[in-house]
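Just below is one structure, and these are the notes that go with it.
The values are calculated or read from the model by the stated rules, or taken from the named source; none is laboratory data. Everything quoted here is computed from the prediction, not taken from an experiment. Please note: Cβ atoms are built from the backbone with ideal geometry, for glycine as well, and neighbour counts cover all protein chains shown.
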Amino acid sequence: LPFSIWMLMGFFDTIPKELEEAALVDGMSRWGALWRIVLPVARPGIIAVAIFAFMTAWGEVLFASVLTTQSTTTLAIGLQEYATRNVTDWNQIMAASVVVSIPVVVGFLAVQRFLIRGLTAGAVK
């Protein structure tokens, strides 16, 4: 959820403010501008983030737990090994989660401007 919110925040930041201002000048309320102008323009980004969040949350651990063996585990299954029946090492799980997510965040930062620019191209006329 935090990564999805971060992606949506970056997407909404690139939507031109002129769209909302034009709706306000034409007599719409702020809520009307949000529902009738901003959200339809943001629909591709919202759908992309929803698909990304669903695929990440649903598919990763299920497929990895079924398709891997003890010698070929993925990072998600490796993180599960910190939790045993008697003890759960939350501090180690959180530290490993941060280390695992760093390459993903760096990769997203490298590609973010191209993705956002492509989704909002042609929004202002």
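Note on the stretch 44-56: among residues that are in contact (Cβ under 8 Å) with a residue 60 or more places away in the chain and surrounded by 14 or more Cβ atoms within 10 Å (Cβ to Cβ), the one that is nearest to residue 8 (Cα to Cα) is 45. Considering only residues in the stretch 79-99 that are under 24 Å from the mean Cα position of the chain (by Cα) and either assigned to a strand (DSSP E or B) or at pLDDT below 85 (or both), the one that is nearest to residue 62 (Cα to Cα) turns out to be 80. When residues in the stretch 30-47 are screened for being in contact with a helix residue (DSSP H, G or I) (Cβ under 9 Å, 6 or more places away or on another chain) and more than 20 Å from residue 104 (Cα to Cα), 11 of them pass. The criterion of at least 2 residues that are among the polar types (S, T, N, Q) is met, among helices (runs of 4 or more DSSP H) falling completely within the stretch 1-73, by 2-14, 39-67. Among the residues of the stretch 71-97, those identified as among the β-branched types (Val, Ile, Thr) and surrounded by 10 or more Cβ atoms within 10 Å (Cβ to Cβ) are 73, 74, 77, 88, 93. For the stretch 100-121, residues that are polar (S, T, N, Q) and at pLDDT below 80 total 2. Cβ-Cβ distances below 7 Å connect the following pairs, each with a first residue in the stretch 75-102 that is charged (D, E, K, R), a second residue that is modelled with pLDDT under 85, and a separation of six or more residues or different chains: 89/82.
Would you be able to say whether some residue in the stretch 57-64 is surrounded by 11 or more Cβ atoms within 10 Å (Cβ to Cβ) and among the β-branched types (Val, Ile, Thr)? Yes, there is a match, as at least one residue in the stretch 57-64 is surrounded by 11 or more Cβ atoms within 10 Å (Cβ to Cβ) and among the β-branched types (Val, Ile, Thr).
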